[in-house]
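Nothing in this text is a laboratory measurement; each read-out follows from the coordinates by a stated rule. Note that the structure is predicted; figures quoted are calculated from it, not measured. Using ideal geometry, Cβ is built from the backbone for each residue, glycine included, and neighbour counts are taken over all protein chains shown.
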């Protein structure tokens, strides 16, 4: 059974009609890869801002509360195995060993003398432990790093001595493995506690760890998206695989709403957006917020309190509900796209049906 998002189904159906192709009542699209090819094509040309402006131009006449906006951020996780240093290093060792074997076959050379089975048993004895102490994990990562270093050196000697070339995929994977090895070497043999742009997946090297601080999921791996929601429809304000403080994005979100819909008079946002700079900006531009007040509010205290309560309830129910709707019903809990461009298209296409069908 092929699972397409609602937006993709209507997009394909509309495209077929636009091309003059109409399916009979009993006909079906039997191409199982059609959704993937569409995403790949759209990923090459997608401009999120231009696409959103085009949609606003058509939808604005049917939208009512365009003066009111809501802002919040969420993480759409990538479909990857939970990363640990030992897992990544062992996978890298296996990949480099496979490159050595394939290069040896290509050059009609004898098989490598490295005893991989012995090291495999050693790694499995560590991986099968229920509790892995820090000392044992660090020791395992160190011998895996040395083993990986030896494999890479043997592969380089093999390629240089016998003039054997690697495929484009192998060259790309080897460059990722080399970068991973350098990062892990700094962590386990150097004095660094952290490294910038730390790789957490070999097949998705663009993914970074997003620390959320939640009890259920303290760390998530995927794209962090700051969203603007107007009249129940969400728009992407900022999308990044690097962690960022969404509290600094409120003014940019207000600018986006003003560019799309005109003046903004009310904005609902989480407590993390309630910085002094954002409060001053909203006060200066006469924008009502859902932030808890500081100090004396003056004569209209009760009216302002009711406004904050209404904005806060709408944000917490409608906007956060749309995030849950997308993750539970529109395949956004674990995005299975294989490339960064396809993953962004997946998020972009799945956002609107999750909001429109709430």
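Observations on the model:
- Ordering 338-351, 157-170 by mean Cβ neighbour count within 10 Å, with the highest value first, yields 338-351, 157-170.
- Segments 112-123, 68-79, 180-191 sorted - mean Cβ within 10 Å per residue, highest first: 68-79, 180-191, 112-123
- Alpha carbon Rg of the chain, scaled by the compact-globule rule 2.2 N^0.38 Å: 1.25
- Gyration tensor (alpha-carbon) shape descriptor, region 85-188, a/c threshold 1.5: prolate
- Protection proxy ranking, highest mean first, for peptides 39-49, 88-98, 249-259, 24-34: 88-98, 249-259, 39-49, 24-34, where packing is the per-residue count of other beta-carbon atoms within 10 Å, averaged.
- Put the Cα centre of region 296-336 next to the Cα centre of region 51-82 and the gap is 14 Å.
- Value of Rg to Rh for region 128-249, rounded to two decimals, is 1.09; Kirkwood radius and Rg both from alpha-carbon coordinates.
- CD proxy at 222 nm, helix term only [per DSSP H run n ≥ 4: -39500 (n - 2.57); per residue of the chain; nearest 500]: -17000 deg cm²/dmol
- Antiparallel DSSP beta bridges within the chain, as percent of all bridges there, nearest 5: 70 percent
- Relative contact order %, region 85-188, counting alpha carbon pairs below 8 Å whose residues are six or more apart: 46 percent
- Proxy reagent accessibility, fewest Cβ within 10 Å first, across 63, 307: 63, 307
- Distance from the Cα centroid of region 132-181 to that of region 185-219 is 19 Å (rounded to whole angstrom).
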